[in-house]
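In what follows, a structure is listed as structure tokens, so that the remarks can point back to it.
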Amino acid sequence: MFDKIIKNTIPLSEPEISGNEWKYIKDCLDTGWVSSVGDYVTRFESMVADYVGTRYAIATVNGTAALHVSLIACGIQPDDEVIVPTLTFIAPVNVVKYCGAYPIFMDCNIDTLCMDIQKVVDFINNECKQNNDGYTYNKKTNRRIKAIIPVHIFGHPVDISQLVEICNTNNISIIEDATESLGSEYKGKKTGSFGAAGCFSFNGNKIITTGGGGMIVTNDEYSAKRIRHLTTQAKSDPFEYDHDEIGYNYRLTNIQAAMGVAQMERINEFVGIKRRNAALYRELLGHNDKIEFLWEQPWAKSNFWFYTIRVRQLNKNDLINFLLSKGIQVRPLWKPIHSLQMYRACQAYKIENTDKAYETCINLPCSIGLKQKDIESISSNILKFLT
Ligand SMILES: Cc1ncc(COP(=O)(O)O)c(C=O)c1O
């Protein structure tokens, strides 16, 4: 459907590697601490915990592993159900299936693109029941709804306080997918710190990167210990090869963590640049009846990991192809997951806004290293197409 990218003069998202990355990685190579134990792993974990405001942080090989092990630690078993957004990168849905559980797809809010919390409340109140054991069950399937995974889409926080309230009342755990939102805040508190666990990704396109990597944050000491145990092959003896359950090799290496420490040293600077660039895009694209630059809600501070525009009265694919032909790398949103063949049979609750968002939204280049002239060129090309 989309033309091949001719030349990417302006890429969608490039990492910013211009701090202490070389120095710290060289230190790992010089000292031989290259594997999954080492000072940088410990430093990286405490830097992220301090920044997000949680008591514990456990580094993982990637964000998907962080989500997977968080679900296991929260007790997700075959035949449980987990509420997930249908508008998201696919990882938080796949991990539900890794556990043998069932996803229930929820619509997005049209302004934030995050899960529509009012619909979650309606679903729990109207389509679920509380049994005598105090847990919440889906009336349709009689399966227990054990958890929900809100995703802070493109860095914009989910409107989370109402979600916390309904989940507390109904004994449903919240695992936050904060993979895209390091640095974002909901009413002054960092995303990732609201749920039983919060998961981050340090994939190459994220606001900070370790090449590949992830982190789980939590305030619960028991969960932190269990997660650390599960991510290190559930080894129960430091010397003997003794394991007390089925574990995973999900630990981040010291080399990757060294890069993470260097990147974390600059997180405030990176969030500042992302936010300034968002404001510049918004100003240049202006108030236009054909497009809207998606902005943050009054209660939100977004890290603006990805920039999104919504088009009206025109086909978004035409604009995508036009921008690609100018060497500007843009992307459509993810296809709504409930429409993908492996998830088509799953329950989806009143999906309306997600289809509209998919039809009308486009992601624009968002690298930290974007220059003012790049943003001017992208914006003027968009405006040229509209006229
Ligand atoms: C919303 C979301 N969840 C999970 C992930 C998975 O993270 P990773 O690629 O580090 O496994 C990503 C991105 O990569 C993501 O965007």
Original post:
Under a point spin-label approximation (7 Å from Cα along Cα-to-Cβ), what is the Asp244-Lys139 distance to one decimal in nm?
Top reply: 4.3 nm
Original post:
Between their Cα atoms, which of Lys146/Lys189; Lys316/Lys384; Lys97/Lys146 are more than 18 Å away from each other?
Top reply: Lys146/Lys189
Original post:
Where Lys and Arg each count +1 and Asp and Glu each count -1, what net charge lies around Gln233 among other residues with Cβ under 14 Å from its Cβ?
Top reply: -1
Original post:
Residues with amide H under 5 Å of Cys128's amide H, sequence separation 5 or more or different chain, H placed in the peptide plane at 1.01 Å from N; which?
Top reply: Lys139
Original post:
Can you give the relative contact order of the range 41-164 as a percent, counting alpha carbon pairs under 8 Å and 6+ residues apart?
Top reply: 23 percent
**OP:** Within the range 281-383, list the trypsin sites (Lys or Arg not before Pro) lying in a DSSP loop whose Cβ has at most 14 other Cβ atoms in a 10 Å radius.
**Re:** Arg312, Arg344, Lys350, Lys371
**OP:** Would you mind checking the radius of gyration and Dmax of the range 21-264 based on alpha-carbon positions, in Å?
**Re:** 18.1, 61
Original post:
Dipole of the chain, Cα-centred, from +1 at each Lys and Arg C-beta and -1 at each Asp and Glu C-beta, to the nearest 20 debye?
Top reply: 920 debye
Original post:
Magnitude of the Cβ-charge dipole of the range 154-284, K/R +1 and D/E -1, about the Cα centre, nearest 20 debye?
Top reply: 600 debye
Subject >> Where a label projected 7 Å from the Cα of Ser325 along Cα→Cβ would reach, residues of the range 348-386 with amide N under 13 Å >> reply: 385-386
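Rounded, prolate or oblate: which one fits the range 247-344, using the alpha carbon gyration tensor with axes a ≥ b ≥ c (rounded when a/c is under 1.5, else prolate when a/b beats b/c, else oblate)?
Oblate.
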Original post:
Amide H of Tyr102: which non-local residues (sequence gap of 5 or more, or other chain) have their own amide H closer than 5 Å, using H built in the peptide plane?
Top reply: Asp79, Asp80, Glu81, Val82
**OP:** Could you tell me what fraction of 2.2 N^0.38 Å the Cα radius of gyration of the range 49-102 comes to, as a two-decimal ratio?
**Re:** 1.23
Original post:
Whole-Hz Karplus ³J(HN,Hα) for the range 350-361, in order, using 6.51 cos²θ - 1.76 cosθ + 1.60 and θ = phi - 60°, x for Gly and Pro?
Top reply: 6, 7, 10, 5, 4, 4, 5, 4, 4, 6, 10, 9
Subject >> Formal net charge of residues neighbouring Glu292 (Cβ-Cβ distance under 15 Å; K, R +1; D, E -1) >> reply: +1
Subject >> Hz values of 3J(HN,Hα) by residue in the range 229-239 - Karplus curve (6.51, -1.76, 1.60), Gly and Pro given as x >> reply: 5, 5, 7, 10, 6, 6, 6, 9, 9, x, 10
**OP:** Apply 1/(1 + (r/R0)^6) to the Cβ-Cβ distance of Asp50 and Thr387, taking R0 = 51 Å, and write down the FRET efficiency to the nearest 0.05.
**Re:** 0.55
**OP:** Under a cut-off of 20 Å between alpha-carbon atoms, report the aspartates and glutamates in cross-link reach of Lys335, not counting same-chain residues fewer than 8 places apart.
**Re:** Asp3, Asp107, Asp111, Asp116, Asp177, Glu180, Asp318, Glu352, Asp355, Glu359
Original post:
So which trypsin sites (Lys or Arg not before Pro) in the range 174-223 pass both tests, a DSSP loop state and at most 12 other Cβ atoms within 10 Å of the Cβ?
Top reply: Lys187
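Rule-based calculations on the coordinates, nothing more; no lab input. From a predicted model like this one, the values you see are computed outputs, not experimental measurements. Please note: Cβ atoms are built from the backbone with ideal geometry, for glycine as well, and neighbour counts cover all protein chains shown.
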